[in-house]
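Working notes, structure below.
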Amino acid sequence: MNQAHWPGARRSALEALPATTLLTGVTCAAWLVVTLFGADGVVAVAAGFIPATVLNPVSPPPGIFLLPFWITPLTATLVHGGVLHLVLNMVMLVICGRLLERTIGSWGVVVLYAVGAYLAAAGQWALGPGSVVPMIGASGAISALVGAYALLFANQPVPKIGPIPPGVVRVVWLLAAWVAIQLLIGFATSIDGPSIAIGARIGGFVAGLALARPLLLWRYRKA
């Protein structure tokens, strides 16, 4: 399916290169470079989002330089805990991103992804503001795409539960399913039990719900 463009409209460089392709390529390239140099642990600490650094200075391990906390919600999306972690995230990014890009445009996907990354970090910080465990992975940012996808494309009717309207029930079920999938991934990729940043998933998902319709309206504001 091709995007429709208004007559005379010029496509930006980002529109010419789909944002989903760009985000997937950059993330995979970053993981490959880090893995080839065997720097997974160092980069996870240096570029991961550490909640405790928001309010207090944290002393890094010897030989490691911590990036400023305000940029780490974005850099953390480029760091993954293994090939399975990366592949599962990229599959969700491609599935949701391609469909959303046809609806809210390439810039809309980029904005959604970036805001989702920051709200994911905020959600993780809210659950453990003193934690010194780095949060890594693109799952929080991708949760924003999943949330927007749930709002814009999930048209399967669901029954209401008491006074709760069907739309709210659908969103809650989708959020629960997304978190459950992430927990299963955590069990599959960790020998010590799941290490899933639940707050990040919730924060990102909420970002998707909040921004889906405004981004859609913004893209077609001149229609």
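Here are the numbers for this structure:
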{"item": "Accessible-area ranking of Phe37, Phe69, largest first, probe 1.4 Å", "result": "Phe37, Phe69"}
{"item": "Reference-scaled alpha-carbon Rg (2.2 N^0.38 Å with N residues) for segment 14-97", "result": "1.21"}
{"item": "Modelled label reach - Leu55, point 7 Å along Cα→Cβ, segment 65-87 residues with backbone N closer than 17 Å", "result": "69-70"}
{"item": "Normalised per residue, the volume of the convex hull around the Cα set of segment 98-154 (Å³)", "result": "75 Å³"}
{"item": "With all protein chains modelled, accessible area of Ser59 [1.4 Å, Å²]", "result": "110 Å²"}
{"item": "Average silhouette area of segment 69-176, convex hull of alpha-carbon atoms, in square nanometres", "result": "8.1 nm²"}
{"item": "Met135 long-range amide H proximity, modeled H, under 5 Å", "result": "Phe49, Ile50"}
{"item": "Largest-first ordering by accessible area, 1.4 Å probe, given options Phe65, Phe205, Phe153", "result": "Phe65, Phe153, Phe205"}
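The values are calculated or read from the model by the stated rules, or taken from the named source; none is laboratory data. It should be emphasised that the depicted structure is a prediction, and the values quoted were computed from it without experimental measurement. Note that we place each Cβ from the backbone using ideal geometry, even for glycine, and neighbour counts take in every protein chain shown. Surface areas here come from the heavy atoms of the whole protein model, side chains and all, with no ligands, DNA or RNA. Shrake-Rupley method; radii C 1.70, N 1.55, O 1.52, S 1.80 Å.
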